[in-house]
Amino acid sequence: MAQTRKYPMGKPLNNLQGFRFGSLTVLQLGEKQRQHNGAWWLCLCDCGTQKNIPATDMVQGKISSCGCEHTKRIAKSNITHGMSKTRTYKLWEAMRNRCNRINQDYSCRGITYDERWDAFENFLQDMGEAPEGLSLDRIDFNGNYHKANCRWATREQQANNTRANIFIEWDGKCQTRSQWEKELGMRPTTLRSRLKAGWPMERAMKPLKWVAEGNTPEPADEGTQ
């Protein structure tokens, strides 16, 4: 267990001297590079570089080298697939970042990705290049990122596939509220207003024939209130 010592102001901090984090060995208490960021420690990287690094970033696993490892990975990626500047690569990178951020929505919900997808080449093999205008989407939005649960989807498909959506089963079909409004020719929020007002489902799901006839105001007997 790490010992503690104090700043002159009396704020306790873990004594990380001599500890090792990845390629970093902690030498001594360092100089802060930014304000309000906790303790910084002077570290020696295996490559020979000395650098001041925030304690929290090392402890949480965010930083494990002076930056040389990241540079090596980027160089290796460029040599291997030459796609580090492509849209597909950036979508893959964003997916991994969402899952790896500590105390964020995805990590708190336990959402992660297939270990194979730590390597961009495997992701590319499973999903192919991102088609123009499409983004990476999970079919089951509570599931993880893996080949069987992912697809390239439009913005509309992604918007209809979130936890915030309300699904309505009607006439043997299950769709989001906005999808029903679109299919039935309703204005956005019409169905929501009807259901909120307590309309029976039979009446709430009635298509608006006046839309097809070119009318803009909604008749009183079919109002949204």
**OP:** Could you look through the range 202-225, keep only residues that are outside any helix (DSSP H, G or I) and closer than 22 Å to Cys174 by Cβ, and pick out the one that is modelled with the lowest pLDDT?
**Re:** Leu208
Subject >> Enumeration of residues in the range 112-134 that are open to solvent by 30 Å² or more (accessible area, probe 1.4 Å) and among the hydroxyl-bearing types (Ser, Thr, Tyr) >> reply: Thr112
Original post:
From the set of residues in the range 135-153 that are open to solvent by less than 70 Å² (accessible area, probe 1.4 Å) and in contact with a Leu (Cβ under 9 Å, 6 or more places away or on another chain), which is nearest to Arg116 (Cα to Cα)?
Top reply: Tyr145
**OP:** Check every one of the strands (runs of 3 or more DSSP E) wholly within the range 24-139 and list those with 2 or more residues that are modelled with pLDDT of 85 or more and more than 19 Å from the chain's Cα centre (by Cα).
**Re:** 24-29, 40-45, 50-54
Subject >> the range 181-201, residues that are part of a loop (DSSP other than H, G, I, E, B) and among the polar types (S, T, N, Q) >> reply: Thr189
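The values are calculated or read from the model by the stated rules, or taken from the named source; none is laboratory data. From a predicted model like this one, the values you see are computed outputs, not experimental measurements. All Cβ positions, even for glycine, are placed from backbone atoms using ideal geometry, and neighbour counts span all protein chains on display. All accessible areas refer to the heavy atoms of the entire protein, side chains included, with ligands and DNA or RNA removed. Shrake-Rupley method; radii C 1.70, N 1.55, O 1.52, S 1.80 Å.
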